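To start, the structure under review is shown below, and the notes come after it.
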Ligand code: SF4
């Protein structure tokens, strides 16, 4: 069925990776003949690109689906087709359609390049008199980036570029390895081509994205290329002024990346480096595989290489078994790290349910019950995190980056919120797909 006059509205929840994915899905839909609309009113297709970071994330998506349909009915309009993409789609799969028949399409983050075929399948079902219900949450062996439109749309001087997806770390509170699959890095040449094209269209500032971006291990000119090497290649592009990346894991902060912060003038002096806790006992329970001391030692090395580095971090408050001493250790680390910005997240029991063995994680051990700490502890944590940016901005006021030449506009340093992923029940995630994807990589 022709789609020339159809309109689509995309609503994005969550992190920069989802913003990037929504932009790419918009490009796919435009190629398929859809006009993008800023409003869901009168849209033929409403696409919800979802995030699983929040507790009850799926409940919120179901209520959004109901709201979209109710608003259409209030206007006496035909309810739009509703597509759910992103991490909730991957986590819930076909269950979404059983719970909310108003959902017509469920598409996982690794399948959105197949949107035109999936929409055609919906049309075919509608032509047979059926209410369309299509699900695609596979981890296809083909690389979705090879099938996305090559022309990127640009909305100003900044742009996101995904360079890496997935995660092999399996922190016990995080769903990303299950919804985004194993770590995969895009070939450097594809990234360089994409950034050159963005710069030709006026972009001067790119943020390289990945769930574990500093684990980037691409290839270029027949050899391996790290994130530092990629940043160096990107810095050679005339017209590109600033390079950022997010989100990083402390264990993947390689020596060459620390050196790049010293030597690459286009690499911005900002780093989001989540720590999650200052308690070694809880870090072990979270499967973080670093300690508070190793994290602070890393921060020291980074600051030795780049004294004006603005650091931001995430930490979880109320992790199961957390004691007052654990919480105090976290506050102590936050002070010692001298963050420019820090984000505290109240632990939710659902987050911890994604252990590979399917059992609740650290709950039930000594210490407070899950969530019991959250009310009292979030307040001092919040007060501390609110003080940090004010202190940092005072020190950064008036600076411009890169410092060696004038930039097109004054640039005030800012921290970017970018933590990703929380859990649901492990048994619902396709760990088999994760393993298949990883072995396809090797
Ligand atoms: S928190 Fe980050 S490193 Fe840990 S599993 Fe999630 S994406 Fe991976």
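The values are calculated or read from the model by the stated rules, or taken from the named source; none is laboratory data. Given the structure is predicted, the values throughout are model-derived calculations rather than measurements. Neighbour counts are summed over all protein chains in view; Cβ atoms, including those assigned to glycine, are modelled from backbone coordinates with ideal geometry.
Quick look at the numbers
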read-out: Number of the condition not met by residue 305 [criteria: (1) under 15 Å from residue 255 (Cα atoms); (2) under 23 Å from the mean Cα position of the chain (by Cα)]; value: (2)
read-out: Pick from region 155-182, criterion part of a loop (DSSP other than H, G, I, E, B), touching a helix residue (DSSP H, G or I) at 6+ places or on another chain (Cβ under 7 Å) and more than 9 Å from the ligand (Cβ to nearest atom), ranking: nearest to residue 88 (Cα to Cα); value: 181
read-out: Verdict on residue 181 being touching a residue at least 24 places away in the same chain (Cβ under 8 Å) and out of contact with any strand residue (DSSP E or B) (no Cβ under 9 Å at 6 or more places or on another chain); value: no
read-out: Matching residues, region 122-137, being part of a helix (DSSP H, G or I) and exposed (fewer than 13 other Cβ atoms within 10 Å of the Cβ); value: 127
read-out: Flag for residue 273 being free of Cβ contacts under 8 Å to residues at least 40 places away in the same chain and closer than 22 Å to residue 17 by Cα; value: no
read-out: Residue identified as more than 19 Å from residue 179 (Cβ to Cβ) and free of Cβ contacts under 8 Å to residues at least 12 places away in the same chain among 39, 63; value: 63
read-out: The lone exception for residue 140 - which of (1) away from the ligand (no atom under 16 Å from the Cβ); (2) in contact (Cβ under 8 Å) with a residue 40 or more places away in the chain; (3) in a loop (DSSP other than H, G, I, E, B) it fails; value: (2)
read-out: Subset of region 230-252 that is within 27 Å of residue 176 (Cα to Cα) and touching a strand residue (DSSP E or B) at 6+ places or on another chain (Cβ under 7 Å) - its residue that is nearest to the ligand (Cβ to nearest atom); value: 247
read-out: The listed residue being away from the ligand (no atom under 16 Å from the Cβ), over 19 Å from the mean Cα position of the chain (by Cα) and closer than 30 Å to residue 78 by Cβ, out of 196, 131, 152; value: 131
read-out: Residue 279 vs. criteria free of Cβ contacts under 8 Å to residues at least 60 places away in the same chain, in the same structural domain as residue 209 (by TED's automatic domain parsing) and within 16 Å of the ligand (Cβ to nearest atom); value: no
